[in-house]
1. Starting from residues that are under 18 Å from the mean Cα position of the chain (by Cα) and more than 16 Å from the ligand (Cβ to nearest atom), keep the ones in the stretch 257-271 and report whichever is surrounded by the fewest Cβ atoms within 10 Å (Cβ to Cβ).
2. Which of the following residues is of a type in the set (K, R) and buried (at least 17 other Cβ atoms within 10 Å of the Cβ): K12, K60, K37, K47?
3. Can you tell which of A287, A242 is outside any strand (DSSP E or B) and at pLDDT below 95?
4. Could you please tell me which pairs satisfy a Cβ distance under 6 Å, a separation of 6+ or placement on different chains, a first residue in the stretch 17-29 that is away from the ligand (no atom under 14 Å from the Cβ), and a second residue that is assigned to a helix (DSSP H, G or I) and β-branched (V, I, T)?
5. Quick check on the stretch 220-234. Is at least one of its residues surrounded by fewer than 19 Cβ atoms within 10 Å (Cβ to Cβ) and farther than 23 Å from T26 by Cα?
6. Is it fair to say L61 is assigned by TED's automatic domain parsing to the domain that holds C141 and either within 16 Å of the ligand (Cβ to nearest atom) or in contact with a strand residue (DSSP E or B) (Cβ under 7 Å, 6 or more places away or on another chain) (or both)?
7. Does I295 fit the bill of being assigned to a strand (DSSP E or B) and within 16 Å of the ligand (Cβ to nearest atom)?
8. Could you pull out the residue among I216, I171, I239, I206 that is within 16 Å of the ligand (Cβ to nearest atom) and of a type in the set (A, V, I, L, M, F, W, C)?
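The values are calculated or read from the model by the stated rules, or taken from the named source; none is laboratory data. Note that the structure is predicted; figures quoted are calculated from it, not measured. A quick note on method: Cβ atoms are made from the backbone with ideal geometry, for glycine too, and the neighbour counts reach across all protein chains shown.
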Amino acid sequence: MLDKYVIHGGNKLYGSVTIQTSKNATLPIMAASIIAKDKFKIFNPPKISDVNNMLLILNKLGAIIEEKDNYIQIDNTSLNNLKIDCKLSKTMRSSIFLLGALLNRFKFAIISAPGGCKIGKRPIDLHINSFKKLGVEVKTCGKQLYFNALNSHPAKIKLKLPSVGATENIIEFACTLKGKTTIKNAAREPEVVDLCNFLNLMGAKIYGAGSKTITIYGVDSLRGVKYTPISDRIVAGTIMIATAICGGKVCLKHANPEQNKKLIEILRLIGCKIETKCDIITISSDANLVSPKNILTGFYPNFPTDLQSMMLTLCCVLKGKTTVQESVFENRFLTVPALIKMGANIKQINKHKIVVNGVKSLYAARVKSTDLRGGAALILAGLVADGTTKVTNIKLVNRGYQNLHEMLNSLGACIKYE
Ligand code: UD1
């Protein structure tokens, strides 16, 4: 099976690419579709393994799936299973997003501990405690969790952290609970807003998405709709950072400059030229850039944790010293050993902080993807390294990127998929 990128580094990137639809918007939207006993069409879903796995999970729950070239049809009329397949749910964290929708539809649900990237502990206490506040009974039996929502009711919930997944789960569950539910300290990510737009189109009454307080007025029922999720700001960010690293000029179509505001601000600060117009971002770089001094990740609208690994690769070849601080997850410097093997000068201070001293060039090496975004970051390192870099375990990258090698090759990179 193909699972390795062989990258001949040193090429500049020129041309234009169309950014895929967002993974983190599409997955919860697919999950939320099961709330309605109806048919859905989701247009331009990204062709990635996480979407395939979500389709398998929905299929196991009883949904009838039809895949066409530019849309998937999900028919949830005869959904009949309330247990999420244990093996499949371990392959990705998004299975947790099914919980709110399943409970909404059946009032009962059974899940096993969700999987995903090894970037941190990733507890689900905020999800569980929020469901309990909404009157859901939660029982643990071995590795399985049983949920009973027969006595559920609306509530005022204040999240300890603005968790994306917990915010989405509460919304999915509460949108048909009679009465008013509020979420304080809600996640403000664009993908949460997209989920709310989707649910509102289905007939829900959700207000305040994108702000810290979301108010949900329960409606009786929801209906099937046709929907196109937003573009993927992390894929757009990856291509922008790749261009900054390699040098060249790239035009990103179907991108959203507003949702990548923080990244654009930093890339301009270090010396890239960036023009934005509607859904087009054009970036040029002479690859002679200076350090931004500090990178600090945080919840939206701060710098996204999902772009931190790629930014770290960039910092390795910038003039000057950069401190990179990861405030969202506690194990997100997984690429550090591989980057050091490639000649980077990185000192890890603690789990959340590293200091990078820019070097003139990186060297080719055989390295392994340890997580989805980390794998992409090593591919970017390979693009700028002297010689031929081999990045293995590409299946992790394929969880979120649709044919990343083809997109980069169309811009002038030289990557073979073996
Ligand atoms: C989502 C994204 C992921 C992104 C992350 C943060 C999807 C499919 N995934 O993940 O790509 O990196 O947002 O932007 O949309 N936490 C708890 N208890 C909980 C839940 C979360 O302590 O019950 C903590 C997490 O450990 C983490 C922080 O809250 O430190 C943020 O996690 P969260 O926003 O929930 O991330 P996900 O929804 O899993």
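1. That would be E258.
2. Result of the check over K12, K60, K37, K47: K12.
3. A287
4. Note: pairs meeting the criteria are I19/V235; Q20/V235.
5. Among the residues of the stretch 220-234, at least one is surrounded by fewer than 19 Cβ atoms within 10 Å (Cβ to Cβ) and farther than 23 Å from T26 by Cα, which makes the answer yes.
6. Here the answer is no, as L61 does not meet what is asked.
7. So I295 fits the description; yes.
8. I171 is the lone residue from the list that is within 16 Å of the ligand (Cβ to nearest atom) and of a type in the set (A, V, I, L, M, F, W, C).
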